[in-house]
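The values are calculated or read from the model by the stated rules, or taken from the named source; none is laboratory data. These numbers were taken from a predicted model, which means no experiment stands behind them. Reconstructed Cβ throughout: ideal geometry from the backbone, glycine too, with neighbour counts over all protein chains shown.
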Amino acid sequence: MANLQDQLAAQLLHTKSLPVSPTWLNNFLSTSSALQRNIPISALTQTALFRILTSDFRESLTPRNPASKLPVDIFDPTVQERRLPSSIPVQVLDIEDIGSSLWSQVEAIERVERGEAVRGREIIRTVNVGDEEQEGTNGTAAAGTGASVNGNARSDSGGPHRLILQDAAGTRAVAIEMSRMNGIGINKLPIGAKLLLWNATVARGMILLTPESVTLLGGKIESMDQAWKSGRKARLLEKVTATGGENAT
Amino acid sequence: MAVTKVLCVAEKPAIAKAVAQHLSGGQFQTHHITGNQYVKNYVFDFNFGAPWGDCSVTMTSVIGHLTSVDFPREYKTWLSCPPAVLFEAPIHTSVDKDKTAIAKNIMKQARNHRALVIWTDCDREGEHIGAEVRDQAKEGNRNILVKRAKFNNTERAHVLDAARSLIELNELQANAVAARIELDLRIGAAFTRLLTLQLQPLHESLAQQVISYGSCQFPTLGFVVDRYLRVKRFKPETFWGIKVIHTRDDIKVNFLWSRVRLFDRAAVTMMLERCLMAKNAKVTKVNQKPTSKWKPLPLTTVDLQMMGTRYLHMNSAAVMKVAEALYTKGFISYPRTETDQFDKGIDLKKLIEKQLPDQSWGQYARGLLDSNFRTPRAGRHNDQAHPPIHPVCWASPTVLSAEEKKVYEFVVRRFLACCSDDAKGQSTDVEVQYGEEMFHARGLIVLERNYLDVYVYDKWDSTQQLPNYRVGELFEPTEANIFDGKTTPPNYLTEPELIGLMDANGIGTDATMAEHIDRIKQRSYIGAHSRGNGRSAVEVLIPTRLGIALILGYDDVFAGLTDSPSLSKPFLRKQMELEMRDVCSGSRVRQHVVQQNLDMYRELFIHTQRRMNMLKAAFQKYIVEEGNV
């Protein structure tokens, strides 16, 4: 048993860089004891990984490994730049689109609430009369329609995004999506989703997310994600009315 | 052998006269008819070709629709029956009171004519009017032979052609119009009575107010209210961005941030700092390429209305009225069309030639004929009935009123622009990486103006010239700063925007959009207000308290229902419009479509009755208590 637990822990640490908490692993093995008998270690690792990704890192990972924790003063804005140690597993606590105004996000939510977004694009079409940008390179003879559709606000969550991340010890940090990443987006990256930071740069207290410094592991924490979704509009409204948009971090 | 006697009937007196002129070569007798001072009978001879040959022709006209549909007397007064009954009450068609003399004239003339040729406008409405004329003629002569002339302008050769290649009346289109008329009557009357009876007593300001409902009016009002609410509820927010300036060869180049702006000051500050830390920016792309600004598409009605309101300072209803007059006088083609492609058969050069005498653009037209002519772009729409709006003849400015001159000039310039070459230029795009951020600058040199010379409504100007940059070179920007700004609310809706929305969402047809807008103004649901001053003044559409109460009240009435049906959104009307097209194409039967729509609207009607208190609450809030949205 102890042997199996060590094997699993080593697997998860080496292949996924996840320092799993012995207590959690012990618990995992004892609750799935019926299964473990004939199951190969690789399959068991998969099951454990799946559970870890839907768990809270503060419970499933060990907070004792200093190499996989955020510095406690990570938020310090007086530090111009520093590097994080090689790999740190974190989970997402919040995600915001800082490329669009809060109000435009509220309006987009309301359109969905009214059932308009699913009715096709016409109702949300903004017609920019007159200033159709019909500059085409020579040879492109595609016929433009009379009025060009030139969405006045970037309607999807176009980002960049600002995330709040948390490590196994519970330390939180702000992260900024510096270059576009496919898996990062509102309604795309759930709350509780897990990431691995690889030698990430921290500038003025913000972790810089780039494809080279982040691996998306997936997963989510269902209860937190639900609460986040249902409270999103209210939070946006509160923020936009309270601060008048002076939303410095 | 007696010559064949042919009766011709146009949609308007002016068309009758113009056609008579052309067919007779100017030799005709004019007879007045009793009871109407506008309609005349013109008598002359004309050879229709085989099989009729030489004919004795009487050309007359109606004035729009001859008949209307209504409920019998016992349903007519507002309290005579519960409004819901109007969904199935009998209806009958009768000649309008002020049209009886015209109807009688047609009936009388039909008696001694062998054939009837319908010359109503070639669109759905015209087809229905044609059917009315036919029915009237059959009353006088059951055996009269019925034909139709297909034409879209009153230019001489075109009219003669039409007279010698007659076709049949399109029954399907006439049916679609009949279906729409019945639906509009029943649905409009039922809802209007319900709303007026229930809501009028709520406030003294409504005492004289008919609170009408129309399946086009409401969505049109809905667009105006929706925009108004967006403006009113808007919350401004601060944003920040980075601007980079580089001076080279005495040229100050502004580089724009590819992120444009962000709503997080700390993030922007951090990003700027990382730019500055990098010290040098690196040129990653220099792209120099020929570019062009496309000439406009051939002119449709919707485009004419939008451009008219934008550049001619006339509202869409006025533009259409003037265009209508220009058509009747034979200067332009039929102004109600969805087609934005010219038929291959049309002789464009001949039409351009007609414009040579003009003081302002005759020279330009000459240039087109000499060597500059290019085939117009083809859009994606073709209503299979009318060509794009174009000038038919040259009109001397002396014969046009001030407004006619403006619209005519626009139509001609647009047409000449369509037959011109695109404007050509050279653009330069420079992209640089500075720290982790990307910036770009763009320069444009206009080399050949081409169509822009005649189409004065488009602007395309050279920008400042960019200095030389080489890919891979490094430079230190002269300045890099943070700028900030605030988001601004959208503007109130303008009429051209509203027409664009109606068009995109299938509310009304190009023929009726202007009327719907006019109607909700008359009903005091919206008002037009001037914003800004001088030349930059724009007219914006703002809903009244009544308009707001109706839309918000109705949204409450239907809130939470499955499928979210809504009378203030365009979906239902769009559906109806599509079904009318099915009737036109013959894929669905008129009775079916009418019945199905009545069933659906009846359900909405019952629901409205049940939740009338919601509407009343909205009236209480926005009209009586003058509450804010």
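Overview of results
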item	result
Tally of residues being within 14 Å of another protein chain (Cβ to nearest Cβ) and small (Gly, Ala, Ser) across segment A:157-198	6
Index of the failed condition, B:Thr512 passing every other in (1) surrounded by 19 or more Cβ atoms within 10 Å (Cβ to Cβ); (2) away from chain A (no Cβ under 14 Å)	(1)
Segment B:568-597, residues that are within 14 Å of another protein chain (Cβ to nearest Cβ) and either assigned to a loop (DSSP other than H, G, I, E, B) or among the acidic types (Asp, Glu) (or both)	B:Ser568, B:Lys569, B:Pro570, B:Glu577
Residue check, B:His440 at pLDDT below 95 and either crowded, with 20+ Cβ neighbours inside 10 Å or not basic (Lys, Arg) (or both)	no
Answer from B:Arg413, B:Arg374 - the residue that is in a loop (DSSP other than H, G, I, E, B), under 33 Å from the mean Cα position of the chain (by Cα) and at pLDDT 95 or above	B:Arg374
Residue within segment B:214-232 that is in contact (Cβ under 8 Å) with a residue 12 or more places away in the chain, within 10 Å of another protein chain (Cβ to nearest Cβ), not charged (D, E, K, R) and not in a helix (DSSP H, G or I) present	no
Residue list for segment B:339-350, restricted to those being out of contact with any helix residue (DSSP H, G or I) (no Cβ under 7 Å at 6 or more places or on another chain) and either in contact (Cβ under 8 Å) with a residue 40 or more places away in the chain or among the β-branched types (Val, Ile, Thr) (or both)	B:Thr339, B:Asp340, B:Gln341, B:Asp343, B:Ile346, B:Leu348
Filter result for the condition that a residue is in contact with a helix residue (DSSP H, G or I) (Cβ under 9 Å, 6 or more places away or on another chain) and surrounded by fewer than 19 Cβ atoms within 10 Å (Cβ to Cβ), over B:Tyr311, B:Tyr334	B:Tyr311
Test: residue in segment B:30-42 that is under 17 Å from B:Ala163 (Cα atoms) and assigned to a loop (DSSP other than H, G, I, E, B)	no
Residue under evaluation A:Arg64, criteria (1) surrounded by fewer than 14 Cβ atoms within 10 Å (Cβ to Cβ); (2) within 21 Å of A:Leu209 (Cα to Cα); (3) of a type in the set (Lys, Arg), criterion not met	(2)
Considering residues of segment B:183-205 that are crowded, with 19+ Cβ neighbours inside 10 Å and touching a helix residue (DSSP H, G or I) at 6+ places or on another chain (Cβ under 6 Å) only, the residue nearest to B:Tyr622 (Cα to Cα)	B:Leu199
Filter result for the condition that a residue is of a type in the set (Asp, Glu) and free of Cβ contacts under 8 Å to residues at least 60 places away in the same chain, over A:Glu96, A:Glu59	A:Glu59
Some residue of segment B:180-196 being polar (S, T, N, Q) and outside any helix (DSSP H, G or I)	no
Flag for B:Asn382 being assigned by TED's automatic domain parsing to the domain that holds B:Val411, more than 29 Å from B:Glu539 (Cβ to Cβ) and within 17 Å of the chain's Cα centre (by Cα)	yes
Close pairs (9 angstrom Cβ cut-off, 6 or more residues apart or separate chains): assigned to a helix (DSSP H, G or I) in segment A:8-26, of a type in the set (Phe, Trp, Tyr) anywhere	A:Leu8/A:Phe28
When residues of segment B:522-567 are limited to those that are under 19 Å from B:Asp184 (Cβ atoms) and outside any loop (DSSP other than H, G, I, E, B), the one nearest to the chain's Cα centre (by Cα)	B:Gln522
Some residue of segment B:357-368 being in contact (Cβ under 8 Å) with a residue 40 or more places away in the chain and either within 24 Å of B:Gly126 (Cβ to Cβ) or assigned by TED's automatic domain parsing to the domain that holds B:Asp123 (or both)	no
Residue within segment B:242-252 that is outside any strand (DSSP E or B) and more than 14 Å from every other protein chain (Cβ to nearest Cβ) present	yes
Looking only at segment B:617-629, and only at residues there that are buried (at least 17 other Cβ atoms within 10 Å of the Cβ) and either touching a helix residue (DSSP H, G or I) at 6+ places or on another chain (Cβ under 7 Å) or among the aromatic types (Phe, Trp, Tyr) (or both), the one that is nearest to B:Ser524 (Cα to Cα)	B:Ile623
Options A:Ser100, A:Ser104; residue that is modelled with pLDDT of 90 or more, within 12 Å of chain B (Cβ to nearest Cβ), under 22 Å from the mean Cα position of the chain (by Cα) and assigned to a loop (DSSP other than H, G, I, E, B)	A:Ser100
Selection from segment B:458-508 of residues that are in contact with a Gly (Cβ under 7 Å, 6 or more places away or on another chain), at pLDDT below 90 and away from chain A (no Cβ under 14 Å)	B:Gln464, B:Gln465
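So that you can scan it fast, the table gives a plain yes or no per residue for (1) in contact (Cβ under 8 Å) with a residue 40 or more places away in the chain; (2) more than 27 Å from B:Leu194 (Cβ to Cβ):
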site	(1), (2)
B:Trp78	yes, no
B:Pro90	no, no
B:Asp96	no, no
B:His113	yes, yes
